[in-house]
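Data first, discussion second: the structure below is written as structure tokens.
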Amino acid sequence: MARYTTTPWQHPADLLALRAQLYPPSSTPPTCPPDPDPRAQATARILQAWKPRSPNLPHAIESTALLIDAQLHHTKTKTKTDVTHPNPNTTANSTSSIRAVYAAAFARFVTGFCDIGRARENFLSPASMAEVARRIGMPAEFVALRHEVVHEEVPGLGRLVGATGEALGWLWGVYWAGLGGGVGGDVSSWGGGDARGEARVLLRAYRSARRAAFKAGRQGGAEHRAEVRGYCDGLLTLLCAGADHAPGLGVEAVNGVLVEEKLLLPAKRTPHTPMTGAFALWDPLLAACACAASPTSRAFSHGLTLALMRALVASPPHAADAENAEKQALAEWVLHLAFRTGGDGNVVVREEVRGDLVRVCCLWPGYWSRVVGGKVLELGGEGFAEEWGALFAAGGALGGGVGGAGGGGGVGGAGVVGGVDGGVDVGAGGRAAVVDEEGVVGGWRRAALAPRVPIGVVA
């Protein structure tokens, strides 16, 4: 029998219009809200109309309204106190009352989500609020601040204001962004934070949801697939946001969070551990964004692969690189994103990224550069290998002996380029030159000391 859910809005468009009011464009300075403020109209609709008529109002909507209402309460107070008034007995609210409004809204926001998470997880024994928050992807700082509000002194106004902005950003990632239908404004305005902050909230919430689904064995269920689609829609919205005014802003923010904050890497990993779990965790989100029919999506996939490659070669080569678990994980991610299955079932390298990958490998030689570059050349096609093979071999010759690679960095292990045969003469500066049988210096040869600069740069 069909189960119906009663909502206080008549059409989905009504909810999207409400979202545009709650998260207005950043073109309006927050210190000078319009009159009337669309956020005030939206919170009044939620708290005075929707909440009384619908006991099933989502907690995310109610929490957003309460937190924004606290901000409006604070803004109204600042407006009153900033205006010079001849009467010292002003009607502005006191700092204590403002703190109380912020604290009550924040405590209700955290408690409600943790209660929902506890009911959804069906805990057999009472779990701590911190554990529930961890499972639903809520930052631990929210629970700690809620504990202070309830059991200790009310936190200072500055902390409450900052936490409220972060909470609104978190709510955007876990609820509002999943509604689809575009966004109302620049990404930098969402939740009072910047683009990277919004990306961080969304990606961490997705990771927590996927981990919880795998632990509960429901990763293949229809409910979780719908949840994943919501995150994919939210990420696509984030990637495309601001494209007209600041091209690449969303792409840069998402790739920065994924790579620099190491979200793609397993927390506890040892060398040579399979990356199957990490791929299964992130593939639905990354694949959906890469396959979307938009230039921004293609730029995201290309940019993420190169960002991972740059992170792989960022640190100088070391003799123990072959056993470096983090570098191994980065290399596997690069190859995982760079390869695709062709129409004939064979694995090939994506044409739009293969040249850039080999170029980085040539400029920054090292153990994992040779691994990645060699694999890309192997599967990049005959013409591609001919075009890049000699340059890659030269890079391998310069980087030889680093990371225990042994027999040279060229394709097929050839450590000599150009067929020059002879000894190695290492001068005082550590630079190696080839001396042939007639004593003429020239050609390339593997150096005894690995260079610390890219090819073409004089130390």
Check your understanding: Which of the pairs Lys215/Lys375; Lys51/Lys262; Lys268/Lys375 have their Cα atoms more than 30 Å apart in this structure?
Key -> Lys215/Lys375; Lys51/Lys262
Review point. Quick one: Karplus J couplings for the stretch 39-55, per residue in order, coefficients 6.51, -1.76, 1.60, θ = phi - 60°, nearest Hz, x for Gly and Pro?
Key: 5, 5, 5, 5, 5, 5, 4, 5, 7, 9, 10, 5, 4, x, 8, 9, x
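Please report the net charge: other residues with Cβ closer than 14 Å to the Cβ of Ala104, K and R +1, D and E -1. Kindly include the intermediate steps, with their values, before the conclusion.
Working: positive: Arg99, Arg108, Arg146; negative: Glu62, Asp69, Glu148.
Result for the local shell: 0.
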Revision key, fill the gap. FRET efficiency (His59, Ala319; Cβ distance; R0 41 Å; to 0.05) is 0.15
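Only the coordinates and a few stated rules stand behind these numbers; no lab work does. Since this is a predicted model, take the numbers as computed values, not measurements. Reconstructed Cβ throughout: ideal geometry from the backbone, glycine too, with neighbour counts over all protein chains shown.
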